[in-house]
Amino acid sequence: MSTPIPVTVIGGYLGSGKTTMVNHLLRNANGLRLAVLVNEFGELPIDEGLIEAQDDDIISIAGGCVCCSFGSDLTGALMDMAVLHPRPDHLLIESSGVAIPSAIVGSLSLLDGFRTDGIVILADAETIQASANHKYMSDTVLRQIADANIVVLNKTDLVNEERLGATFEWLANQNPDVRIVKAYYGKVMPDVVLDSFLGKASGVGPSHHTADIDVMTLDIEGRVDVENLARALADSENGLIRAKGFVTSLCGQKMLIQVVGSRWETSNASDSMKDGIVCLGFKGEVLQGLKMLVNSMTVETVPQG
Amino acid sequence: MSETIIYSAQKIITMNPSRPNATHVAVQGGRILAVGDLTELETWGPYRLDESFADKILMPGLVEGHAHTMEGTLWRNVYCGFFDRADPDGKTWDGVKTIQAIQDRLIEAEAKLTDPDAPLSGWSLDPIYMDNKRVTRADLDKVSSTRPIGILHASGHILNVNTKALELGGLLKPGINHEGIPLGTDGLPTGELFGPDTMTPVGVHVGFNRSMTDSDEQGLRDFAKLCVRTGVTTITDLAARLEPDGVESMLKVTNEETYPARVVPLQIFMGATAKETVDKVIGLKARATDRLRLGRIKAVADGSIQGFSARVRWPGYHNGAPNGLWYTAPEQLAELYRLALAADVQVHTHTNGDEATEMVLDTLGPALKDVPSPDHRFTLQHCQLADAAQFRRMDKLGMCVNLFANHHFYWGDEHYRLTVGPERATRMNACRTALDTGVPLAIHSDAPVTPLGPLFTAWSAVNRLTASGRTQGEHEKIEVSEALRAITIGAAYTLHMDDEIGSIEVGKKADFAVLEDDPTEIGGANLKDVRVWGTVQGGRIFAAADL
């Protein structure tokens, strides 16, 4: 069986900038075939400049990307995606503003052929706290934040530094495990949202490079306790947003490690992969300390043959 | 000029307050020319006297304001409900009271299938009445372990399947962690699937495909047969997707010369923006025919109370379950209401919990200030938990309500015990309060969730009995006359159609329910037992016995 399609669930309340960010990702897909499932096509879900063809349920986008609307039948749309040709490299689900992302992940877990890459929640820096106090939507908005692996704190240009700091703090208090990335106009490094980007070239294109995010590759020479390493990489102390790479386990099995915020998983990989982990993290935080961490967890390679 | 036919009847209950009863009705070209006694009607000139209804009671054709045409399609599956229920062909299926009885019925149906791989599908299961004993895949494996089997619950939100079906749907595996999929002691799913996300992957293998809410042509015809058998001449399809093919087949079938019902499909507001939805419905409205009244929208604010997905206000669910889910955000509803009001398109909104009702009231109020619409008749559908203050707001906002009277009978005990507790269960579907507050009232079955049958629905509202036989909400009972109004002119009003249907008076459609018993004489306790002979729809006679 082929490897499952990685899926990123993109949530957040109405007006938080989900569609804008999806457009940004499509514009910077960089050769990756992205498939986007949206609740509804809406007024202008996809930049007109990107659209190659459109019928009722599917929009074909430059570079082999597609966008489909799922309406009330997400599971059905996913079943269609699983058999789509050519197969997408990465699937984005742009959920409705009132959807509970963990419920979408739960449904996704039932279907063969998909792997949840993480939950990214957009938060409007100007209105998120008001939404969280909304008479009707409060618990929905708070559940969305609680479900997030990564929050994109969007529209940072609309608030002053002090307010932004306060909102950042507030978000961190709502979900201590979450990684918060600031953005405006939904312009985040695609690497932040999609693990498929990570490790492809540097991923840091000039247009979406943000000053406070760094990418580095950890070289690993030797065997490691894979689960312990993955757990350590997911520890918020280490300031990592994402990590992905290959390592050799203590018993010599090649393994893939994938980390999104505090969410981590490991899986068996092909022996031909070269050891090393690409890390995406906040500049100036403990990113540099990771090398020491990895070294401390590595045992010397047993000479081969 | 077409012929004038005068029908005599034992009694005509007109629902026209200026002439409540009559003995004769004159029909010309499918419309009512006059109502009164024969001497009065003769003044209209030449006529033919038809005495076929001389011993019958005529009422206005009944109007079901909240049903789904899929009931017609579902009858092609094996009936597994607890209560006796009549199918489109008039056969009454005994309710199945035990898991053994369900198995026996399925085995009987299985024996008739020739293709060994064909799925076996059942519907209308409800374990609540069987001491909540759940049906397991092992139970269904006893019917067949080689063909996929699925039984849809009465609510439509739960599916029970056998092992083969789980296997085909890819769910026969350990390690599933999903709140909609209970696991057995062996770590594998028990075969019960809650919610569309878990039902869909397996449902496609047991005959419940993704478009099951769309009725096919045969289903539409079968649905109409049920209408004739229950005295219904106008019926809604309250959550239609109205895809182009579906619209064409609805137009085709309802246009058939012998199609006996007027269908009112409401476009569901889901998966498209408010503007797209309103624009689409404006286009559909232009294609409406007498028997297919396109041009209305249904929005959905929350989920269901028994599924704990309805949005309820403080103090929340009685058993401590977390609050339910929003299906549509207030901003989306606000936009829909503004655009629809401006375009004179009517919107019915599903609310079950009282918080959802509150949200709709909070949303429609400002929209009406922006787009003043003196006679919009936007209607709350189900609206089961509304309290008196909310009914007063509905009145002030000019809203109508269509309460789920049948639900009170089928699930009232459950609400009392589990979901919302005694006080709120007692006020559920508060018909008395609605009428006393002046909110125009309809009552409904939500068929196929509960059986189509407005006279049963009227009985439910009059008696407020639950399935266990308790009277729940003595003070919310309504009179027989009020209930009969709710299933005729009341429901017609909520559809903006009370000028043409809902009463027997000059100028209106010749739509009659033809009854063997007089619902105004039989007594409130027996209202559900009124026998239906058939209907007259647009002047055409449909005898249930001849379907």
Verdict on B:Gly191 being at positive phi and either touching a residue at least 40 places away in the same chain (Cβ under 8 Å) or touching a strand residue (DSSP E or B) at 6+ places or on another chain (Cβ under 8 Å) (or both): yes
Helices (runs of 4 or more DSSP H) wholly inside region B:110-204 containing at least 3 residues that are farther than 30 Å from B:Phe409 by Cα and within 14 Å of chain A (Cβ to nearest Cβ): B:163-168
Helices (runs of 4 or more DSSP H) completely within region A:93-160 that count 2 or more residues being farther than 21 Å from A:Asn23 by Cβ, more than 11 Å from chain B (Cβ to nearest Cβ) and out of contact with any Lys or Arg (no Cβ under 7 Å at 6 or more places or on another chain): A:128-131, A:138-147
Selection within region A:16-45 - within 14 Å of another protein chain (Cβ to nearest Cβ), crowded, with 17+ Cβ neighbours inside 10 Å and over 16 Å from the mean Cα position of the chain (by Cα): A:Ser16, A:Val38, A:Asn39, A:Glu40, A:Phe41, A:Pro45
Yes/no for B:Leu292 being in contact with a helix residue (DSSP H, G or I) (Cβ under 7 Å, 6 or more places away or on another chain) and under 17 Å from B:Leu495 (Cα atoms): yes
Residue selected from region B:355-403 under the condition free of Cβ contacts under 8 Å to residues at least 24 places away in the same chain and part of a helix (DSSP H, G or I), by the criterion nearest to the other protein chains (Cβ to nearest Cβ): B:Ala389
Which numbered condition B:Ser304 fails, given (1) assigned to a loop (DSSP other than H, G, I, E, B); (2) surrounded by fewer than 21 Cβ atoms within 10 Å (Cβ to Cβ): (2)
Options B:Lys56, B:Lys91; residue that is among the basic types (Lys, Arg) and either at pLDDT below 95 or not assigned by TED's automatic domain parsing to the domain that holds B:Trp123 (or both): B:Lys56
Enumeration of residues in region A:105-122 that are over 23 Å from A:Lys187 (Cα atoms), surrounded by fewer than 24 Cβ atoms within 10 Å (Cβ to Cβ) and of a type outside the set (Asp, Glu): A:Val105, A:Gly106, A:Ser107, A:Leu108, A:Ser109, A:Leu111, A:Gly113, A:Phe114, A:Arg115
B:Lys275 being within 14 Å of chain A (Cβ to nearest Cβ), outside any loop (DSSP other than H, G, I, E, B) and either out of contact with any strand residue (DSSP E or B) (no Cβ under 6 Å at 6 or more places or on another chain) or of a type in the set (A, V, I, L, M) (or both): yes
Selected residue (only one of A:Asp56, A:Asp80 is within 14 Å of chain B (Cβ to nearest Cβ) and assigned to a loop (DSSP other than H, G, I, E, B)): A:Asp56
The lone exception for B:Ser309 - which of (1) modelled with pLDDT of 95 or more; (2) within 13 Å of chain A (Cβ to nearest Cβ) it fails: (1)
All positions within region B:76-133 that are in contact with a Lys or Arg (Cβ under 9 Å, 6 or more places away or on another chain), β-branched (Val, Ile, Thr) and surrounded by fewer than 13 Cβ atoms within 10 Å (Cβ to Cβ): B:Thr92, B:Thr98
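The values are calculated or read from the model by the stated rules, or taken from the named source; none is laboratory data. Here the structure is a predicted model, which is why all the values come from computation and not from measurement. Backbone-built Cβ (ideal geometry, glycine too); neighbour counts: all protein chains shown.
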